[in-house]
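A short write-up of the structure that comes next.
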Amino acid sequence: IRGYDAGKRVVGRKRHLLVDSLGLVLLAVVHPANIQDRDGAKLLLELLTNRFGWLKPIWADGGYAGKLVQWVRQLQRKRPIQLDIVRRRDDTRGFKVLPKRWIVERTFGWLSKYRRMS
């Protein structure tokens, strides 16, 4: 499964991870790069409906805002979860560590360090 995302200039696959507060992987979804990130997150959150009943708050990057937030509200009827979007401030330039967002980035760093995991 391969695809091309013209916005990010990515050829191949995209990965979506659901990690706990320590950065340990709970769920992972891999899909072609031509699927939008919000749709890939839906694939991940659909798997969540039957698993990890203790998990309530979910933090996501600002790229997942919009239709995904509305979709999660519909999902809340089946399962009590709360999606919080971690946004970067508009006046910030360069790299800035965002609360809770660095946990997923650290996990991607761990996975990228070992070639077999990529």
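The values are calculated or read from the model by the stated rules, or taken from the named source; none is laboratory data. Everything quoted here is computed from the prediction, not taken from an experiment. Note that we place each Cβ from the backbone using ideal geometry, even for glycine, and neighbour counts take in every protein chain shown. Side chains are part of the model used for accessible areas, which takes the heavy atoms of the whole protein and leaves out ligands, DNA and RNA. Shrake-Rupley method; radii C 1.70, N 1.55, O 1.52, S 1.80 Å.
Counting every C-alpha pair in the stretch 50-90, the share spaced more than 12 angstrom apart comes to 61%. If you take the Cα centroid of the stretch 82-108 and the Cα centroid of the stretch 1-22, the two points sit 17 Å apart. Near the amide H of Asn34, within less than 5 Å, lie the amide hydrogens of Gly3, Tyr4, all on another chain or at least 5 residues away, with H placed in the peptide plane. Calculated on the Cα set of the stretch 40-111, radius of gyration then Dmax: 13.6, 40 Å.
Counting DSSP beta bridges in the chain, what percent are antiparallel, to the nearest 5? Close to 65 percent.
The HN-Hα couplings worked out from phi for the stretch 24-40 by the Karplus form 6.51 cos²θ - 1.76 cosθ + 1.60 (θ = phi - 60°) are 7, 6, 9, 9, 9, 10, 10, 9, x, 5, 7, 8, 5, 4, 4, 6, x Hz, whole numbers, x standing for Gly and Pro. In this structure, Trp71 and Arg93 have a Cβ-Cβ separation that, at R0 = 30 Å, corresponds to a calculated FRET efficiency of about 0.40.
Over the chain, calculate the relative contact order: mean separation of alpha carbon pairs under 8 Å at least 6 apart, over the residue count, as a percent. Before the final figure, lay out each step's value.
Details: 143 pairs, mean separation 25.2, N = 118.
That works out to 21 percent.
With the chain treated as a Gaussian network of Cα nodes joined by springs under 10 Å, which of Gly63, Gly94, Gly12 yields the largest mean-square fluctuation? Fluctuation is largest for Gly94. What you get for the stretch 2-57, charging only the Cβ of Lys and Arg (+1) and of Asp and Glu (-1), is a dipole of about 160 debye around the Cα centre.
Roughly how many percent of the accessible protein surface of the chain is carbon and sulfur, given a 1.4 Å probe and a whole-percent answer? Carbon and sulfur: 51 percent of the exposed surface of the chain. Here, the stretch 1-79 is characterised by an Rg to Rh ratio of 0.97, where Rg is the alpha-carbon radius of gyration and Rh the Kirkwood radius. Phi angles across the stretch 2-16 convert, under the Karplus curve 6.51 cos²θ - 1.76 cosθ + 1.60 with θ = phi - 60°, into 3J(HN,Hα) values of 9, x, 9, 9, 5, x, 9, 6, 10, 10, x, 10, 10, 10, 10 Hz, Gly and Pro given as x.
If you run the Gaussian network model on the chain, springs between alpha carbon atoms under 10 Å, then out of Leu27, Leu45, Leu55 the most flexible one is Leu55. Heavy atoms of the protein chains alone define the surface here; on that basis the chain has 73 Å² accessible area per residue at 1.4 Å probe size. The 3J(HN,Hα) values that the Karplus relation (6.51, -1.76, 1.60; θ = phi - 60°) gives for the stretch 68-73 are, in residue order, 5, 5, 5, 5, 5, 4 Hz. Gly and Pro appear as x.
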